[in-house]
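Chemist: Just dropping this structure here.
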Amino acid sequence: MAATDATTSKIQWPRGRYRLTQKAYMPPGPGQFEEVCEAGREIVYGGCPGAHMEPLDDAARKAVAMRDDRRPATVQSVTDGEVVQHAAAAEYQRPLAATARQADPAPGSVDIPADWKTRSWQFRKSLAAKLTSDPIRDADDAAAAIEAEIERRIADDDPGPADNEI
């Protein structure tokens, strides 16, 4: 389990070297300001490593293992205005590595609601991510991916001019 500081109860993450597997906005090294770091860039990081960070040294591998071992024993919820502390659901007790995202369904099997344009940005981003492997960076990317899938479905359903001729 991760080492903790007795006064703050915060995890003390080892500082390790990582290679980014995708573009990220983060500090590339200790004491540096956040910036856009391209995929493939090597960085030094002393926090909880994300899934987009490939460990390059023993300290980084230790931090990844610490991240994967975290299991909340309890969670809080609000019921009728009262905060209730209870045992964490089983899916939150598994290591993070075990809850990795399942393979997405085929884009054609994903339901696109008629009102998708009026839904929240988060909903549209999630929907778009199921429809394409391209990165969804903003609302325009999400809309473009959803509209491209709708157009593809329309084209697939259209028998085309050759099939209409008898």
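The values are calculated or read from the model by the stated rules, or taken from the named source; none is laboratory data. These numbers were taken from a predicted model, which means no experiment stands behind them. With ideal geometry, Cβ positions are generated from the backbone for all residues, glycine too; neighbour counts draw on all protein chains shown.
Chemist: What helices (runs of 4 or more DSSP H) lie completely within the range 73-166 and have 3 or more residues being modelled with pLDDT of 90 or more, out of contact with any strand residue (DSSP E or B) (no Cβ under 9 Å at 6 or more places or on another chain) and among the aliphatic types (A, V, I, L, M)? Show your work before the answer.
Modeler: Numbers: elements: 90-93, 121-131, 139-157, 160-164.
Correct list: 139-157.
Chemist: Related question: Sort out which residues of the range 29-42 are under 20 Å from the mean Cα position of the chain (by Cα) and either outside any loop (DSSP other than H, G, I, E, B) or surrounded by 13 or more Cβ atoms within 10 Å (Cβ to Cβ) (or both), and write them in order of number. Even if it seems obvious, please write down each step before you answer.
Modeler: Within the range 29-42, the first condition is being under 20 Å from the mean Cα position of the chain (by Cα), and the residues that meet it are 34-41.
35, 36, 37, 41 - these are the residues of the range 29-42 that are under 20 Å from the mean Cα position of the chain (by Cα) and either outside any loop (DSSP other than H, G, I, E, B) or surrounded by 13 or more Cβ atoms within 10 Å (Cβ to Cβ) (or both).
Chemist: Being under 10 Å from residue 145 (Cα atoms) and surrounded by 13 or more Cβ atoms within 10 Å (Cβ to Cβ) is the filter here; which residues of the range 118-134 pass it? First the steps, then the outcome.
Modeler: First pass over the range 118-134, keeping only residues under 10 Å from residue 145 (Cα atoms): 124-125, 127-134.
124, 125, 127, 128, 129, 130, 131, 132 - these are the residues of the range 118-134 that are under 10 Å from residue 145 (Cα atoms) and surrounded by 13 or more Cβ atoms within 10 Å (Cβ to Cβ).
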